[in-house]
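> Pasting in a structure now, in structure tokens, and then I'll have a few things to ask.
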């Protein structure tokens, strides 16, 4: 969680520094583009893909051999990304999808079996999630169950704080290995107009970030109520 905050914190700092309300802006983590307005009609569409799940350390799955049941086994991906196979030793599988893993296993066991028929069933794996950070009441990592929109995710995180800039909410999404695309959403406008047509559906691994508003940055320098009200002094 700390690593994620550091990475996205840098991206958000760069975006805010150059102005969130501008048109498409390139940052180190991806492409920032506004969600509303005339510019959105010509901007590159936000990444909205359905990638296959990739194995991670700690994932567990069953391997079944249709014609050779003596090789059936349950394995867990070790912290270094390897698994230990019965009769075949250690192989690296982290980062592979289930179809890729099935192909890998067939290639490995083809050396000791005649055209093995193998199937893989995931048992325990990283559950879909999203991350809410910034000016929300309860920042953190949340399970993503079913269809969840951006505004619903904000509500799950306790809603906006008093210092939030909910007219410029950032949604980060993984575009490719090591790269993230990001888009700005005017949640304030959507809620005021009662128009949620541009309210995006979250995908596993998405991160929403709510920046601070300008008032919160100068609030510390304003006189507080504890100082009392100013009244005229009678002679």
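> Taking the conditions exactly as written (surrounded by 13 or more Cβ atoms within 10 Å (Cβ to Cβ) and farther than 22 Å from residue 209 by Cβ), does residue 136 satisfy them or not?
no
> Hey, which of the strands (runs of 3 or more DSSP E) in the stretch 51-107, taking only ones fully inside, have at least 2 residues that are out of contact with any strand residue (DSSP E or B) (no Cβ under 8 Å at 6 or more places or on another chain)?
none
> To continue, here is another question. Kindly indicate whether residue 55 is modelled with pLDDT of 70 or more and either within 30 Å of residue 187 (Cα to Cα) or under 24 Å from the mean Cα position of the chain (by Cα) (or both).
So residue 55 fits the description; yes.
> While we're looking at this one, here's another question. Could you look through the stretch 123-133, keep only residues that are at pLDDT below 90 and surrounded by 13 or more Cβ atoms within 10 Å (Cβ to Cβ), and pick out the one that is farthest from residue 100 (Cα to Cα)?
129
> List the strands (runs of 3 or more DSSP E) that sit entirely inside the stretch 137-235 and contain at least 1 residues that are at positive phi and at pLDDT 85 or above.
Filter on the stretch 137-235 gives 140-143.
> Against the definition (in the same structural domain as residue 187 (by TED's automatic domain parsing) and touching a helix residue (DSSP H, G or I) at 6+ places or on another chain (Cβ under 7 Å)), how does residue 120 come out, yes or no?
No: the conditions fail for residue 120.
> Let me ask something else. Restricting attention to the stretch 65-88, report how many residues are touching a residue at least 40 places away in the same chain (Cβ under 8 Å), under 36 Å from the mean Cα position of the chain (by Cα) and surrounded by 15 or more Cβ atoms within 10 Å (Cβ to Cβ).
Number satisfying all stated conditions: 1.
> Separate question: All but one of (1) part of a loop (DSSP other than H, G, I, E, B); (2) without any contact (Cβ under 8 Å) to a residue 60 or more places away in the chain; (3) under 30 Å from residue 99 (Cβ atoms) hold for residue 119, so report the exception by its number.
(1)
> Could you go through the stretch 142-164 and let me know if any residue there is outside the structural domain of residue 94 (by TED's automatic domain parsing), over 30 Å from residue 79 (Cα atoms), without any contact (Cβ under 8 Å) to a residue 40 or more places away in the chain and in contact with a helix residue (DSSP H, G or I) (Cβ under 7 Å, 6 or more places away or on another chain).
no
The values are calculated or read from the model by the stated rules, or taken from the named source; none is laboratory data. Not measured: the values here are computed from a predicted model. All Cβ positions, glycine included, derive from the backbone under ideal geometry; neighbour counts span all protein chains shown.
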